[in-house]
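**Student:** Dropping a structure here in structure tokens format, bear with me for questions.
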Amino acid sequence: DAGITQSPRHKVTETGTPVTLRCHQTENHRYMYWYRQDPGHGLRLIHYSYGVKDTDKGEVSDGYSVSRSKTEDFLLTLESATSSQTSVYFCAITGGTEETQYFGPGTRLLVL
Amino acid sequence: DQQVKQNSPSLSVQEGRISILNCDYTNSMFDYFLWYKKYPAEGPTFLISISSIKDKNEDGRFTVFLNKSAKHLSLHIVPSQPGDSAVYFCAASRTSGTYKYIFGTGTRLKVLA
């Protein structure tokens with residue numbers, strides 16, 4: 001298994017509060033990604049990073065920001081959580097000589 | 001506009017028979033494709049990939065076929081086992097360096113014992 005951990009694994013929060021999700025990898029891979037998974041939508045890319053301090057938007061980036069100050073950590077922040085951001089969030093990494101993405105175990109977020 | 005489509009939300013197959021999961025894409029620039037399996041409460045697990053320079057790739061019980069002219073790929077599982085019951089996602093990318101994948105909406109496979 002690729003060395004990817006996500007924290008927290010579960011979180012319940014209230015509308016309007018800030019939330020930060022953490023993805024940590026031990027593979028020293030360059031590329032890291034945040035996805036959300038919702039019924040009927042599959043996995044949708046929120047943001048991705050192609051190096052330390054290098055990030056770009058995905059297809060559903062509104063309401064989310066990211067930061068990557070170290071190769072191993074990629075943070076996803078919901079500045080002011082809304083109920084539409086209730087979802088399961090997955091982190092993924094890609095790197096080395098392969099183009100395959102490996103996923104973390106996911107964070108289940110409930111915004112009340 | 002959904003660039004990667006899995007038109008069958010679910011599929012049931014008898015144990016020992018072949019499972020065929022389908023995926024269609026619209027962007028002719030996609031040149032690398034992946035299949036993932038996902039169990040509940042777990043992250044997706046990589047199964048098999050195929051590059052556009054090939055039309056078939058095998059790994060054990062799993063074979064992926066790519067028809068570039070039809071913009072269609074399929075995953076064959078032979079023989080199907082109850083442990084294969086999961087949601088399967090296909091994903092497509094242009095290998096331009098950022099490895100950004102577009103995922104389908106998934107097909108739930110149920111293998112009946």
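The values are calculated or read from the model by the stated rules, or taken from the named source; none is laboratory data. Being a predicted model, the structure only gives us computed values, none of them experimental. Ideal geometry is used to build each Cβ from the backbone, glycine not excepted, and the neighbour counts take in all protein chains shown. Only protein heavy atoms, including side chains, enter the accessible area calculation; ligands, DNA and RNA are left aside. Shrake-Rupley method; radii C 1.70, N 1.55, O 1.52, S 1.80 Å.
**Student:** How many residues does region B:79-102 contain that are open to solvent by less than 10 Å² (accessible area, probe 1.4 Å) and within 10 Å of chain A (Cβ to nearest Cβ)?
**Tutor:** Within region B:79-102, residues that are open to solvent by less than 10 Å² (accessible area, probe 1.4 Å) and within 10 Å of chain A (Cβ to nearest Cβ) number 5.
**Student:** Every residue in region B:7-38 that is open to solvent by less than 70 Å² (accessible area, probe 1.4 Å), within 14 Å of another protein chain (Cβ to nearest Cβ) and closer than 29 Å to A:Thr107 by Cβ, please.
**Tutor:** B:Ser8, B:Leu21, B:Cys23, B:Tyr25, B:Phe30, B:Tyr32, B:Phe33, B:Leu34, B:Trp35, B:Tyr36, B:Lys37, B:Lys38
**Student:** A further question on this structure: Kindly indicate whether any position in region A:31-50 is open to solvent by less than 40 Å² (accessible area, probe 1.4 Å) and more than 19 Å from B:Ile102 (Cβ to Cβ).
**Tutor:** There is no residue in region A:31-50 that is open to solvent by less than 40 Å² (accessible area, probe 1.4 Å) and more than 19 Å from B:Ile102 (Cβ to Cβ).
**Student:** Another one. Could you figure out which of (1) modelled with pLDDT under 95; (2) within 10 Å of chain B (Cβ to nearest Cβ); (3) surrounded by fewer than 20 Cβ atoms within 10 Å (Cβ to Cβ) isn't true of A:Tyr102?
**Tutor:** Among (1) modelled with pLDDT under 95; (2) within 10 Å of chain B (Cβ to nearest Cβ); (3) surrounded by fewer than 20 Cβ atoms within 10 Å (Cβ to Cβ), the lone unmet condition for A:Tyr102 is (3).
**Student:** Quick check on my filter: what residues within region A:87-99 are open to solvent by 50 Å² or more (accessible area, probe 1.4 Å) and among the polar types (S, T, N, Q)?
**Tutor:** Matches in region A:87-99: A:Thr97 only.
**Student:** Would you mind stating whether B:Ala41 is within 13 Å of chain A (Cβ to nearest Cβ) and either of a type in the set (Val, Ile, Thr) or assigned to a strand (DSSP E or B) (or both)?
**Tutor:** Criteria not met by B:Ala41.
**Student:** Is at least one residue of region B:57-78 small (Gly, Ala, Ser), buried (at least 16 other Cβ atoms within 10 Å of the Cβ), within 26 Å of A:Val88 (Cβ to Cβ) and more than 10 Å from chain A (Cβ to nearest Cβ)?
**Tutor:** No, that holds for no residue.
**Student:** Got at least one residue in region A:28-36 being more than 19 Å from B:Phe89 (Cβ to Cβ) and in contact with a Gly (Cβ under 6 Å, 6 or more places away or on another chain)?
**Tutor:** yes
**Student:** Looking at region A:3-23, I want the residues that are in contact (Cβ under 8 Å) with a residue 24 or more places away in the chain and have a partner that is part of a loop (DSSP other than H, G, I, E, B) and acidic (Asp, Glu) with Cβ atoms under 7 Å, at least 6 apart or on another chain. Which pairs are those?
**Tutor:** A:Gly3/A:Glu27; A:Pro18/A:Glu79
**Student:** Where residues in region A:65-84 are out of contact with any Asp or Glu (no Cβ under 8 Å at 6 or more places or on another chain) and free of Cβ contacts under 8 Å to residues at least 40 places away in the same chain, which of them is least open to solvent (accessible area, probe 1.4 Å)?
**Tutor:** A:Val66
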